[in-house]
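The values are calculated or read from the model by the stated rules, or taken from the named source; none is laboratory data. None of the values given here were measured: they were computed from a predicted structure. Please note: Cβ atoms are built from the backbone with ideal geometry, for glycine as well, and neighbour counts cover all protein chains shown.
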Amino acid sequence: MSKSSALIIVDVQNDFCPPKGSLQVAGGLEAIDVINQIRKDNEFKTIILTQDFHPQNHSSFHSNNAHHPKASLFQPLDLGNGKSQVMWPDHCVQGSKGCEFHPKLVRQDSDIIVQKGKHVEVDSYSGFFDNDHKSKTDLHDILKENGITDVFVVGLAYDYCVGYTAIDAHQLGYKTRVIEDATRAVAEDSKIERINEMKALGIDILQSKEISGLF
Ligand code: VGL
Ligand code: ZN
């Protein structure tokens, strides 16, 4: 594997995994198997784990907007300021079991954890920026410091945090690839939407067995 490649493992946390996760993504455990295999087969210089890390009063939680007559679970709600936010079940609350990385995910001490979604008023699907792009995480700086030029994005969920992390990586100038069999989506419609968005930008979508042939 090229010395300048990073693997970005997005949000492989208990709440996104069957059978008990509050925002479980079908097939999530199978995606973890593929991610572990990718780690084994390829020597990435840098491995990043993003972690969805919400305060209990986060504005993306349906429970915190239940007083709003138009708020319904899994549907977008107009928050008034021209912004729309999908109403999610409570998930990945700081300090909860659901927020922890899934025990099946193989990890190493050298993995770098990047937390996101900490600001109450705005969601953060991407590992790089909040959804309004007003504040950023350390991810871009970490990749730059490590001389990374290419990123491979895997994890949960394809249509949200994986997709938006890949799109931001591409916009920031990284050669970006999403490994499709190492991710799973929340819903079919949003998955197709995100795939089309990524393809239009020139982000490569490939299968895990194709990685080694790239180098
Ligand atoms: C995610 C919805 C809300 C994700 C995070 O990791 O894809 N989706 N928060
Ligand atoms: Zn979240």
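Among Phe74, Phe53, which is the only one that is on the phi > 0 side of the Ramachandran plot and within 13 Å of ligand 1 (Cβ to nearest atom)?
None of the others qualify; the one that does is Phe74.
Every residue in the stretch 169-193 that is more than 16 Å from ligand 2 (Cβ to nearest atom) and in a helix (DSSP H, G or I), please.
Matches in the stretch 169-193: Ala169, His170, Gln171, Glu188, Asp189, Lys191, Ile192, Glu193.
Condition check: among the aliphatic types (A, V, I, L, M), assigned to a strand (DSSP E or B), modelled with pLDDT of 95 or more and surrounded by fewer than 20 Cβ atoms within 10 Å (Cβ to Cβ). Does Leu73 satisfy that?
Criteria not met by Leu73.
Among the residues of the stretch 127-140, are any touching a helix residue (DSSP H, G or I) at 6+ places or on another chain (Cβ under 7 Å) and within 13 Å of ligand 1 (Cβ to nearest atom)?
There is at least one residue in the stretch 127-140 that is touching a helix residue (DSSP H, G or I) at 6+ places or on another chain (Cβ under 7 Å) and within 13 Å of ligand 1 (Cβ to nearest atom).
Which one is nearest to the chain's Cα centre (by Cα), of the residues in the stretch 102-130 that are within 15 Å of ligand 2 (Cβ to nearest atom) and surrounded by fewer than 18 Cβ atoms within 10 Å (Cβ to Cβ)?
Looking at residues that are within 15 Å of ligand 2 (Cβ to nearest atom) and surrounded by fewer than 18 Cβ atoms within 10 Å (Cβ to Cβ), I get Lys118.
Filter the stretch 41-75 down to residues that are of a type in the set (A, V, I, L, M) and in contact with an Asp or Glu (Cβ under 8 Å, 6 or more places away or on another chain) and give me whichever is farthest from Asp132 (Cα to Cα).
If we take residues in the stretch 41-75 being of a type in the set (A, V, I, L, M) and in contact with an Asp or Glu (Cβ under 8 Å, 6 or more places away or on another chain), then Ile47 is farthest from Asp132 (Cα to Cα).
List the number of the failed condition for Thr165; all other conditions in (1) part of a helix (DSSP H, G or I); (2) free of Cβ contacts under 8 Å to residues at least 12 places away in the same chain; (3) under 23 Å from Ser4 (Cβ atoms) hold.
(2)
Give me the pairs: first residue in the stretch 6-28 and within 15 Å of Lys104 (Cβ to Cβ) and in a loop (DSSP other than H, G, I, E, B), second residue within 12 Å of ligand 1 (Cβ to nearest atom) and among the acidic types (Asp, Glu), beta-carbon distance under 9 Å, and six or more apart or on different chains, which are they?
Once the first residue is within 15 Å of Lys104 (Cβ to Cβ) and in a loop (DSSP other than H, G, I, E, B) and sits in the stretch 6-28, its partners that are within 12 Å of ligand 1 (Cβ to nearest atom) and among the acidic types (Asp, Glu) give Asp11/Asp52; Gly21/Asp15; Gln24/Asp15.
Would you pick out the residues in the stretch 112-134 that are small (Gly, Ala, Ser) and within 14 Å of Ser84 (Cα to Cα)?
Ser124 - this is the single residue of the stretch 112-134 that is small (Gly, Ala, Ser) and within 14 Å of Ser84 (Cα to Cα).
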